[in-house]
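Participant: What follows is a structure written as structure tokens; I'll ask about it next.
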Amino acid sequence: MQAMNPPNRAARIEAAIQGAFAPDAITVQDDSALHAGHAGARPGGETHYTLRIVASAFAGQNRVARSRAVHEALAAEFATGLHALSLKLLTPEEAAKG
């Protein structure tokens, strides 16, 4: 039996990030209402998100490589209406520093 996809984009984003990075911590915030009327905004929202991810998988990667990895993990969401992400991507050691 195939698992069902989570019903909303925030839950699907979290599931995709969990599967790709096994993060220590993740925060998914829907900022779509702040972008109403802007490029990429849709009446139903679910287009603009802020993510904070703490994962050991980011060790040894620069900011651009981390961002590319997250965008790759969320390719299916971008293909179905996700428009923009604001990212804070940290290793556990970086997160512990503040």
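Participant: Would you check which residues across region 7-23 are out of contact with any helix residue (DSSP H, G or I) (no Cβ under 9 Å at 6 or more places or on another chain) and of a type in the set (D, E, K, R) and list them?
Facilitator: GLU14
Participant: So VAL54 clears everything in (1) farther than 24 Å from ASN8 by Cα; (2) in contact with a strand residue (DSSP E or B) (Cβ under 6 Å, 6 or more places away or on another chain); (3) of a type outside the set (Gly, Ala, Ser) except one condition, right? Which one?
Facilitator: Only one criterion in (1) farther than 24 Å from ASN8 by Cα; (2) in contact with a strand residue (DSSP E or B) (Cβ under 6 Å, 6 or more places away or on another chain); (3) of a type outside the set (Gly, Ala, Ser) is unmet by VAL54, namely (1).
Participant: Something else: Please determine, by comparing only the residues of region 59-70 that are under 14 Å from the mean Cα position of the chain (by Cα) and either aromatic (Phe, Trp, Tyr) or farther than 20 Å from ASP31 by Cα (or both), which one is surrounded by the most Cβ atoms within 10 Å (Cβ to Cβ).
Facilitator: If we take residues in region 59-70 being under 14 Å from the mean Cα position of the chain (by Cα) and either aromatic (Phe, Trp, Tyr) or farther than 20 Å from ASP31 by Cα (or both), then ARG66 is surrounded by the most Cβ atoms within 10 Å (Cβ to Cβ).
Participant: Taking region 71-98 as the region of interest, how many residues are free of Cβ contacts under 8 Å to residues at least 60 places away in the same chain, under 15 Å from GLN29 (Cα atoms) and either surrounded by 17 or more Cβ atoms within 10 Å (Cβ to Cβ) or under 9 Å from the mean Cα position of the chain (by Cα) (or both)?
Facilitator: The qualifying residues number 5.
Participant: Restricted to region 24-73, and to residues that are in contact with a Phe, Trp or Tyr (Cβ under 9 Å, 6 or more places away or on another chain) and not in a helix (DSSP H, G or I), which residue is modelled with the lowest pLDDT?
Facilitator: Top of the filtered list is ASP31.
The values are calculated or read from the model by the stated rules, or taken from the named source; none is laboratory data. Keep in mind that this is a model prediction, so the values were computed, not measured. Virtual Cβ from ideal backbone geometry, glycine too; neighbours counted across all protein chains shown.
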